[in-house]
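K.L.:
I have a structure I would like to understand better, so I am pasting it below and will then ask my questions one at a time.
The values are calculated or read from the model by the stated rules, or taken from the named source; none is laboratory data. Note that the coordinates shown come from a computational prediction; the quantities given were computed from them, not determined experimentally. Neighbour counts are summed over all protein chains in view; Cβ atoms, including those assigned to glycine, are modelled from backbone coordinates with ideal geometry. In case anyone asks, the SASA skips ligands and DNA or RNA and just uses the protein heavy atoms, side chains included. Shrake-Rupley method; radii C 1.70, N 1.55, O 1.52, S 1.80 Å.
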Amino acid sequence: MEKNNDVNQSNFWENRYKKEEIGWDLGAETPVFTALSDTLDPGKVCILGCGNGYDAILFSKKGFSVTAVDFAETPIHNLETNARSLSLSIETIKKDIFDLTPDYSSQFDYIIEQTCFCAIDPLKREQYSNLVYDLLKVGGKLIGLWMPLDKDIDEKLLYVPDNSASLLIVYKQNNSMHYSLNYKLTGNRILQYD
């Protein structure tokens, strides 16, 4: 029997959900997004790699227009079921995130993500950056929570000292991206740092 280890294939992720091998899944909304959502003006949100959609539900409850994207069928089904039971309107898309453009170009005020960047093939990380740029409206923000616990410092992707997590807020202005706010998360505390 052939083992599917290709993160670029939806079957890889679908199998992880079916086997409940989803250690990144908190079983609830991401606490830092709960706190942060109260500081943002409602707008159009795209949640990349939405998983079971707890954050999509959080932002929808707070009045954001939410589009949630995942590669695997099971989490999209779970999100749709939960949203329906809560009478929430959330656009769900079962699709590879890299296939969102041009249909969704310049559509979003915010892109929210927890570990999607870390889950993609490292060879696609530059493509991810271009995707985010294309999806955001001018003035839009990427808000990402990354926990690269399986990365070496030598990879120079996102080094997080002392095993805390990092929340990076990126702004799209005119024709460029600005990495103007970076936060360090330790426990339940959010600390801004440069």
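K.L.:
If you scan the range 38-93, which residues turn out to be of a type in the set (D, E, K, R) and within 17 Å of S10 (Cα to Cα)?
P.N.:
D70, E73
K.L.:
In the range 9-51, which residues are among the hydroxyl-bearing types (S, T, Y) and over 15 Å from the mean Cα position of the chain (by Cα)?
P.N.:
The answer is S10, Y17, T39.
K.L.:
Tally up the residues in the range 1-39 that are in a loop (DSSP other than H, G, I, E, B) and either of a type in the set (V, I, T) or buried (at least 18 other Cβ atoms within 10 Å of the Cβ) (or both), please.
P.N.:
Initially, the range 1-39 is screened for residues in a loop (DSSP other than H, G, I, E, B), giving 1-9, 19-30, 38-39.
This time we only want the ones that are either of a type in the set (V, I, T) or buried (at least 18 other Cβ atoms within 10 Å of the Cβ) (or both), so: 7, 22, 29-30, 39.
Residues meeting the conditions: 5.
K.L.:
Taking only the range 61-77 into account, find how many residues are in a helix (DSSP H, G or I) and surrounded by fewer than 20 Cβ atoms within 10 Å (Cβ to Cβ).
P.N.:
4
K.L.:
Still on this structure, please answer the following. Counting just the residues of the range 86-119 that are part of a helix (DSSP H, G or I) and not aromatic (F, W, Y), which one comes out surrounded by the most Cβ atoms within 10 Å (Cβ to Cβ)?
P.N.:
Once the filter is applied, the top-ranked residue is I97.
K.L.:
Do we find a residue being modelled with pLDDT under 95, at positive phi and in contact with a helix residue (DSSP H, G or I) (Cβ under 9 Å, 6 or more places away or on another chain) anywhere in the range 62-85?
P.N.:
There is no residue in the range 62-85 that is modelled with pLDDT under 95, at positive phi and in contact with a helix residue (DSSP H, G or I) (Cβ under 9 Å, 6 or more places away or on another chain).
K.L.:
Pull out all pairs, ordered by first then second residue, where Cβ-Cβ is under 8 Å, the residues are six or more apart or on different chains, the first lies in the range 127-145 and is within 24 Å of T34 (Cα to Cα) and at pLDDT 85 or above, and the second is open to solvent by 60 Å² or more (accessible area, probe 1.4 Å) and not basic (K, R).
P.N.:
L135/S106; L135/Q107; L136/S106; K137/S106; K137/Q107
K.L.:
Right, T81: surrounded by 17 or more Cβ atoms within 10 Å (Cβ to Cβ), of a type in the set (S, T, N, Q) and either part of a helix (DSSP H, G or I) or touching a residue at least 40 places away in the same chain (Cβ under 8 Å) (or both) or not?
P.N.:
Judged against the criteria, T81 is not a match.
K.L.:
If you don't mind, there's one more thing I want to ask. Quick one: what pairs do we get from the range 93-113, first residue farther than 10 Å from L142 by Cα, second aromatic (F, W, Y) and in a loop (DSSP other than H, G, I, E, B), C-beta under 8 Å, 6+ apart or different chains?
P.N.:
K94/F71; K95/F71; D96/F71; I97/F71
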